[in-house]
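Nothing in this text is a laboratory measurement; each read-out follows from the coordinates by a stated rule. Because the structure is predicted, anything quoted here is derived from the model rather than measured. Note: ideal-geometry Cβ built from the backbone for every residue, glycine included; neighbour counts use all protein chains shown.
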Amino acid sequence: MNFVLERETFSSVPVWVRLYSLPRDYWQTESLAAIGNKLGRFVKASEATRRGKYTSFARICVEMDLSGALPDEVILEVFDEEWVQAVDYGISHSDAVDAMSMDIYSETALLVK
């Protein structure tokens, strides 16, 4: 029996991001999903975010295409006004690419600072 281990490359992986100073109107799962879908494909909100443990940021997991630049902001509408929401990855693009072999669905994978 010959076993050959090959390394696979992925261009799209789940990444945990923080949304600092997110207006409270956007903390519901549906709103967080809409924000995540602007970045890529929303996977889930962290348990701490769902429980409201932290009030300074919301943390979501988004499946993102790492073959291009990572967006550093998304545009939201708050009470008919435009809100520019910063996106914090806590890691560089190259670190994210290097981390693709991790258990990427774990809440500690691609952990942001």
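Between ASP88 and TYR54, the modelled labels are 0.7 nm apart [label points 7 Å from Cα along Cα→Cβ].
Kirkwood hydrodynamic radius computed over the stretch 12-99 comes to 13.2 Å, based on all pairs of distinct alpha carbons.
Taking other C-beta atoms within 10 angstrom as a stand-in for reagent exposure, LYS44, LYS53 fall in the order LYS53, LYS44, fewest first.
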